[in-house]
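Single-structure report; data block below.
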Amino acid sequence: MPKPPTNTASIASAFAELSAEGVAISVRALRERAHVSTKAASDWLAANRPSRETPPAPTEVFSGMVDTLWSAALIAARDEDADARNTERTELLAAERVALDDADTATTERDAAVARADHAEAEVATLRAQVDDLRRQLDAEAGRARAALDEAAAARQAAHASEVALAEAQATARAFREVIADRDKATAQAKADAEPADK
């Protein structure tokens, strides 16, 4: 027996349930019980609602057929519900896989970011150490430069003192030479003056 259309089976099952409960069958009641659209419920009801002029069906004649149809409707409803549940489960599993993939991607990106941060921190530490070394070298060079400047200043002072001492020594030597020259002249003059008197 071919499987009836899903909506038709659901609406037929809902119609049978409402009829058994004695509920007034309206488009709204049928739609809500069968979980279908208003149009589907209205179309089905228009096509299948018993006419007021139609006499009651001979249930004893149709009971076997009704049982068969009722069973088919229930099976179709169960199949529809199972299909819906399977579809929902498939969608949930797909969503779960997507979420897990996203979580894996996020974890990978986080690990990569942490690795980059660690690498950057290591580079910063290395640069800081190099800067500290350069500062120490600059301090040492500055100390040596100051010492060289101090030595140069001391050397200039010593050179100046030597120049002063040299000038003083030269002046003293000139003075001695002048004194000696004056004495030599006096001695020569004295000798010259003494020679005629001897003669």
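The values are calculated or read from the model by the stated rules, or taken from the named source; none is laboratory data. Everything quoted here is computed from the prediction, not taken from an experiment. Positions of Cβ are generated from backbone atoms using ideal geometry, with glycine treated the same way; all protein chains shown enter the neighbour counts. The protein model used for the area step is the full one, side chains on, heavy atoms only, and it has no ligands, DNA or RNA in it. Shrake-Rupley method; radii C 1.70, N 1.55, O 1.52, S 1.80 Å.
Assorted remarks:
- Close pairs from region 162-183: first without any contact (Cβ under 8 Å) to a residue 12 or more places away in the chain, partner surrounded by 10 or more Cβ atoms within 10 Å (Cβ to Cβ) and assigned to a helix (DSSP H, G or I), Cβ under 9 Å, at least 6 apart: none
- Of E151, E109, all but one fail to be at pLDDT below 90 and either under 30 Å from S13 (Cβ atoms) or among the charged types (D, E, K, R) (or both); the exception is E151.
- Restricting the first member to region 14-32 and to residues that are open to solvent by less than 50 Å² (accessible area, probe 1.4 Å), and the second to residues that are assigned to a loop (DSSP other than H, G, I, E, B), the beta-carbon pairs closer than 7 Å and six or more apart or on different chains are F15/I25; L18/I25; A29/V23.
Yes/no matrix, rows are residues, columns are (1) β-branched (V, I, T); (2) open to solvent by less than 100 Å² (accessible area, probe 1.4 Å); (3) at negative phi:
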residue	(1), (2), (3)
A159	no, yes, yes
A167	no, yes, yes
Q170	no, yes, yes
A173	no, yes, yes
V179	yes, yes, yes
R183	no, no, yes
A186	no, yes, yes
A192	no, yes, yes
E195	no, no, yes
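- Residue in region 19-40 that is nearest to R78 (Cα to Cα), counting only those that are in contact with a Ser or Thr (Cβ under 9 Å, 6 or more places away or on another chain) and part of a helix (DSSP H, G or I): A34
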